[in-house]
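Here, each number is a calculation from the coordinates, and none is a lab measurement. Every value quoted in this text rests on a predicted model; they were computed, and no experiment measured them. Reconstructed Cβ throughout: ideal geometry from the backbone, glycine too, with neighbour counts over all protein chains shown.
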Amino acid sequence: MLPMWLETVKQAKVSNYLIVALDEQLRDYLRDHSFNHYYKPLQISKAQQGTGDNHGISALKFQILEEFLKLGWSVLLSDVDVAVLQNPFDHLYRDHDVEGMSDGFDAPTAYGHGNGIDDPSMGWSRYAQGTTHMHMNSGLFYLRANLYTINLMRRIAARLEKEKAWDQSVYNEEMFFLSHGDYVAANVDVRVMDIFQFMNTKILFKVWRHLPKAQQKMPVMVHINYHPDKEQRLRAVIDYFLHDDKGALAKFPGGSEPGS
């Protein structure tokens, strides 16, 4: 998928990109094709072995990001299963420590909403209120370079070095779990990216493509995160938005099941 990601980065006129190569084969490919790259040979930790190559490799990103943040570089992290349709740096607010894409599929699930628990045994106080939102996605987010984000990356990397856990779960726990007892939260402030600008594929395939044409605004980035046929859908997204193939999305169901 990297060639497709690079294709979209080029058309969006993003010149300040950097690909981190973890092995010599990728390093040599990027060098031979004159792509911006940084060679950083890292090994998947013992704790992450057996979680699948994609999860194990993804867990390495946080120690790499910490290195960049220490240099004073604010960073927009993108996985390669992403179509870059507009220059994302023109659409960032840059007013919070973390500015990230949500896995939510509408305003309440992405930005937060009140929820309730009903315990009839409590009688008068049977209804208790809380707040909830879907996870932020650990494959697309912007970090301002400061001590808070450096600490956040360090905390996540340290846990993933020892725990057999999904990096996205740890990323969200470290951002959102509250201080209690001896536990002190990372205290980063967080902004959720606009779900129709930095879009996941549940929104694209189940919501956006069924909107009236006047409401179908061009996304900034589309992350192919909700569907396993990533390469085919990424190609279709590129063809639809960048090559004016208006039938490119039609062959795919909304979900991963036929007829959905």
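So the values come out like this:
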{"read-out": "Förster-model FRET efficiency, 35 Å R0, LEU18 and ILE117, C-beta, rounded to 0.05", "value": "0.15"}
{"read-out": "Residue-span extension gain [GLU163 to ARG31] - 0.36 nm each, minus C-alpha spacing", "value": "44.1 nm"}
{"read-out": "Under-5 Å amide H pairs with TYR39, H placed in peptide plane, nonlocal only", "value": "ALA21"}
{"read-out": "Among the listed pairs LYS162/LYS206; LYS10/LYS217; LYS61/LYS230; LYS70/LYS202; LYS164/LYS206, those beyond 26 Å (Cα-Cα)", "value": "LYS162/LYS206; LYS70/LYS202; LYS164/LYS206"}
{"read-out": "Inter-label distance, nm, simple model (7 Å from Cα along the C-beta direction), MET1/GLU67", "value": "2.3"}
{"read-out": "Backbone HN-Hα couplings from phi across region 114-123 [Karplus 6.51/-1.76/1.60, Hz, Gly and Pro as x]", "value": "x, 9, x, 10, 10, 10, x, 5, 7, x"}
{"read-out": "Separation between Cα centres of region 81-101 and region 152-169, rounded to whole Å", "value": "23"}
{"read-out": "Reference-scaled alpha-carbon Rg (2.2 N^0.38 Å with N residues) for region 198-238", "value": "1.11"}
{"read-out": "Hz values of 3J(HN,Hα) by residue in region 208-217 - Karplus curve (6.51, -1.76, 1.60), Gly and Pro given as x", "value": "4, 6, 9, 6, x, 3, 5, 9, 8, 6"}
{"read-out": "Paired Rg and Dmax values of region 64-200, which use every Cα atom, in angstrom", "value": "17.0, 57"}
{"read-out": "Distance in nm between pseudo-label sites at ASN87 and ILE57 (7 Å out along the Cβ direction from Cα)", "value": "2.9"}
{"read-out": "Sequence-distant residues sharing a close amide H with TYR226 (under 5 Å, placed H)", "value": "THR201, LYS202"}
{"read-out": "Region 13-136, Cα convex hull volume normalised per residue, Å³", "value": "195"}
{"read-out": "Relative contact order (%) - region 103-184, alpha-carbon pairs under 8 angstrom, separation at least six", "value": "23"}
{"read-out": "9 Å beta-carbon shell around VAL20, net charge (K/R +1, D/E -1)", "value": "+2"}
{"read-out": "Kirkwood-type radius of region 131-248, with distances r between different C-alpha atoms, in Å", "value": "16.7"}
{"read-out": "Choice from GLY130, GLY247, GLY112 with maximal GNM fluctuation in the chain (Cα, 10 Å cutoff)", "value": "GLY130"}
{"read-out": "Within-15-Å neighbourhood charge of HIS113 [Cβ basis; K, R +1; D, E -1]", "value": "-2"}
{"read-out": "Computed lengthening from LYS46 to ALA214, 0.36 nm per intervening residue step minus Cα-Cα distance", "value": "55.4 nm"}
{"read-out": "Stokes-Einstein D in µm²/s, Kirkwood radius over Cα pairs - the chain at 20 °C with 1.002 mPa s viscosity", "value": "108"}
{"read-out": "From phi via Karplus (6.51, -1.76, 1.60), per-residue ³J(HN,Hα) for region 244-260 in Hz, x at Gly/Pro", "value": "6, 8, 6, x, 5, 8, 5, 6, 9, x, x, x, 9, 9, x, x, 7"}
{"read-out": "Burial order of peptide ranges 167-177, 14-24, 116-126, 236-246 (average beta-carbon count within 10 Å, highest first)", "value": "167-177, 236-246, 14-24, 116-126"}
{"read-out": "Distance between modelled label sites at TRP124 and LEU178, nm, 7 Å Cα→Cβ extension", "value": "2.4"}
{"read-out": "Loop trypsin sites (Lys or Arg not before Pro), region 1-109, which have at most 15 other Cβ atoms in a 10 Å radius of their Cβ (DSSP)", "value": "LYS13, ARG94"}
